[in-house]
Amino acid sequence: MNQNIVPDKALVSVCGLFCHACGVHYSTLENNEENLKKIALRMNLPYEKVRCMGCRTQTKMEFCKDCFMIKCADERGVDFCGQCNEFPCDGFKEFQSKMPHRVELWKSQERIKEIGWEAWFNEMIEHYTCKECGTMNGWYDFSCRKCGHTPGSKFVEQNISALKPLV
């Protein structure tokens with residue numbers, strides 16, 4: 001397991017996405033300009049708007065900066081959607097259904113509620129780490145970014161059929 005990553009609530013989104021698995025986030029952390037430019041082109045965004053330090057930080061990519069779930073959670077006094085009495089709301093259901101990498105949001109909300117966000121964070125480190133070399137990989141890293149091992153993570157292995165059509 002990747003032991004050098006400490007649980008950080010800034011990297012745990014209200015909806016249950018794990019920021020370390022986001023290509024924009026890890027490319028920002030690694031200062032990978034080439035990858036950020038590719039992402040900007042694929043998302044049809046100006047290169048300058050493709051940076052993210054985590055869902056609960058001030059530096060969020062363009063699509064995430066006005067997240068309705070963050071505002072809703074703040075208004076309701078909860079840290080995660082799963083803590084809300086109205087979970088799952090229609091907005092959460094719609095958000096989850098729009099992208100393949102959101103396939104585990106329901107499970108994430110359950111685990112956060114059951115074991116707490118720090119323990120869930122540690123589970124996610126293992127879930128997204130290459131079992132061969134220990135590199136943290138993302139939602140769409142079918143092969144490890146460092147050693148090329150396939151699959152790049154347990155997440156990819158478990159969800160490959162949902163993820164493949166997007167690539």
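Side notes on the structure shown:
- Residue check, Lys154 at pLDDT 95 or above, surrounded by fewer than 19 Cβ atoms within 10 Å (Cβ to Cβ) and under 15 Å from His20 (Cα atoms): yes
- Residue count for segment 88-102 satisfying the condition of being hydrophobic (A, V, I, L, M, F, W, C) and farther than 26 Å from Asp141 by Cβ: 1.
- Meets criteria (of a type in the set (Gly, Ala, Ser), crowded, with 16+ Cβ neighbours inside 10 Å and more than 17 Å from the chain's Cα centre (by Cα)) for Ala21: no
- Options Lys107, Lys113; residue that is farther than 30 Å from Lys37 by Cα, basic (Lys, Arg) and within 15 Å of the chain's Cα centre (by Cα): Lys107
- For Gly134, the test of being small (Gly, Ala, Ser) and closer than 20 Å to Gly152 by Cβ is passed.
- Residues that are closer than 22 Å to Glu94 by Cβ and not in a helix (DSSP H, G or I) within segment 12-51 comprise Val12, Ser13, Val14, Cys15, Gly16, Leu17, Phe18, Cys22, Asn44, Leu45, listed in sequence order.
- Considering residues of segment 57-86 that are of a type in the set (A, V, I, L, M, F, W, C) and assigned to a loop (DSSP other than H, G, I, E, B) only, the residue surrounded by the fewest Cβ atoms within 10 Å (Cβ to Cβ): Phe63
For every residue, the table says whether it meets (1) of a type in the set (S, T, N, Q); (2) surrounded by 14 or more Cβ atoms within 10 Å (Cβ to Cβ); (3) farther than 18 Å from Ser27 by Cβ; (4) out of contact with any Leu (no Cβ under 6 Å at 6 or more places or on another chain).
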site: Glu48; (1), (2), (3), (4): no, no, no, yes
site: Asp90; (1), (2), (3), (4): no, no, yes, yes
site: Pro100; (1), (2), (3), (4): no, yes, yes, no
site: Lys107; (1), (2), (3), (4): no, no, yes, yes
site: Thr129; (1), (2), (3), (4): yes, yes, no, yes
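- Some residue of segment 112-125 being at pLDDT 95 or above, in a helix (DSSP H, G or I) and more than 30 Å from Glu30 (Cβ to Cβ): yes
- Pick from segment 87-104, criterion hydrophobic (A, V, I, L, M, F, W, C) and outside any loop (DSSP other than H, G, I, E, B), ranking: nearest to the chain's Cα centre (by Cα): Phe95
- Of the criteria (1) in a loop (DSSP other than H, G, I, E, B); (2) in contact with a Phe, Trp or Tyr (Cβ under 7 Å, 6 or more places away or on another chain); (3) more than 21 Å from Cys130 (Cβ to Cβ), which one Gly54 fails: (2)
- Test: Glu118 is under 13 Å from Phe18 (Cα atoms), surrounded by fewer than 19 Cβ atoms within 10 Å (Cβ to Cβ) and touching a residue at least 60 places away in the same chain (Cβ under 8 Å): yes
The values are calculated or read from the model by the stated rules, or taken from the named source; none is laboratory data. Since the model is a prediction, treat every value here as computed from it, not as a measurement. Neighbour counts run over all protein chains shown; Cβ positions are idealised from the backbone, glycine included.
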